[in-house]
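Asker: The structure is given below, and queries will be raised subsequently.
The values are calculated or read from the model by the stated rules, or taken from the named source; none is laboratory data. All figures in this text were calculated on a predicted structure; none of them were measured in a lab. Cβ: placed from backbone, ideal geometry, glycine included. Neighbour counts: every protein chain shown. Note: accessible area is taken over every heavy atom of the protein model, side chains too, but ligands, DNA and RNA are not part of it. Shrake-Rupley method; radii C 1.70, N 1.55, O 1.52, S 1.80 Å.
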Amino acid sequence: MDKAIHQNTKILFLLKGLLFSYIVTAFILLILSFLMLKLDLPSLVISGGINLAYILSTFLAGFYVGKKVELRKFLWGILMGVMYFVVLMLVSLLMNRVSPIPFGGLLTVLIMCGLSGMLGGMIS
């Protein structure tokens with residue numbers, strides 16, 4: 001019984017970390033959109049800002065989950081990054097039904113999210 005309760009708290013930590021990561025992403029994208037409004041940013045800066053949002057939010061979520069779980073932190077961090085990516089792609093597919101997303105870009109974002117979540121978990 002105690003093991004089941006402990007497992008449920010780990011899932012709860014993952015869900016809290018996921019919510020926290022999307023709050024961080026929304027904040028970074030809000031700042032980026034404000035900068036786009038006020039400045040004439042090149043597409044390279046915009047793309048870098050979006051990648052920064054992915055990396056920073058999954059790093060912080062992996063750090064949070066690693067602090068809470070305290071065992072195999074890197075695995076929980078990479079799981080956090082992969083969950084972030086999966087939810088991000090599901091929402092993106094539901095919202096954008098026009099054209100398929102290139103596989104190379106998906107793989108790059110998956111690797112970025114997974115590794116930054118894992119790094120956050122390792123550092124925690």
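Asker: How high is the relative contact order of the chain, given as a whole-number percent (alpha carbon pairs under 8 Å, six or more residues apart)?
Answerer: Value for the chain: 33 percent.
Asker: Additional query: How big is the chain by the Kirkwood estimate over distinct Cα pairs, in Å?
Answerer: 15.1 Å
Asker: Modelling each spin label as a point 7 Å along the Cα-to-Cβ direction, I'd like the F27/D40 distance in nm, to one decimal.
Answerer: Here the answer is 3.2 nm between the modelled labels.
Asker: Right, another one. Quick one: if you stick a label point 7 Å off each Cα along the C-beta vector at L93 and E70, how many nm between them?
Answerer: Placing both labels 7 Å beyond Cα along the Cβ direction yields 3.8 nm.
Asker: In a GNM of the chain with a 10 Å cut-off on Cα contacts, which of G114, G105, G49 has the highest mean-square fluctuation?
Answerer: Residue with maximal mean-square fluctuation among G114, G105, G49: G105.
Asker: Using the Cα centre of region 6-124 as origin and beta-carbon charges of +1 (Lys, Arg) and -1 (Asp, Glu), tell me which of V87, F63, S21 is placed farthest towards the positive end of the dipole.
Answerer: Final value for the positive-end residue is F63.
Asker: Using +1 on the beta carbon of Lys and Arg, -1 on that of Asp and Glu, and nothing else charged, what's the dipole of the chain about the Cα centre, debye to 20?
Answerer: Charge dipole of the chain: 280 debye, to the nearest 20.
Asker: Then there is this: How much accessible surface area, in Å² rounded to 10, belongs to the heavy atoms of F63 with a 1.4 Å probe?
Answerer: 70 Å²
Asker: Now a separate question. At I123 and I11, where each label point lies 7 Å from the Cα along Cα→Cβ, what is the point-to-point distance in nanometres?
Answerer: Rounded to a tenth, the inter-label distance reads 3.0 nm.
Asker: How high is the relative contact order of region 39-83, in percent, with contacts defined as C-alpha pairs under 8 Å that are six or more residues apart?
Answerer: 31 percent
Asker: How far, in degrees from 0 to 90, does helix 73-95 lean away from the longest principal axis of the Cα atoms of the chain, to the nearest 10?
Answerer: Between helix and principal axis, roughly 40 degrees.
Asker: While we're on this one: Quantify, in whole percent, the carbon and sulfur part of the accessible surface of the chain (1.4 Å probe; protein heavy atoms only).
Answerer: Answer for the chain is 77 percent, counting heavy atoms of protein chains only.
Asker: If the elastic network links every pair of Cα atoms under 10 Å, which of V86, V45, V109 fluctuates the most in the Gaussian network model of the chain?
Answerer: Taking springs between Cα atoms under 10 Å, the residue moving most is V45.
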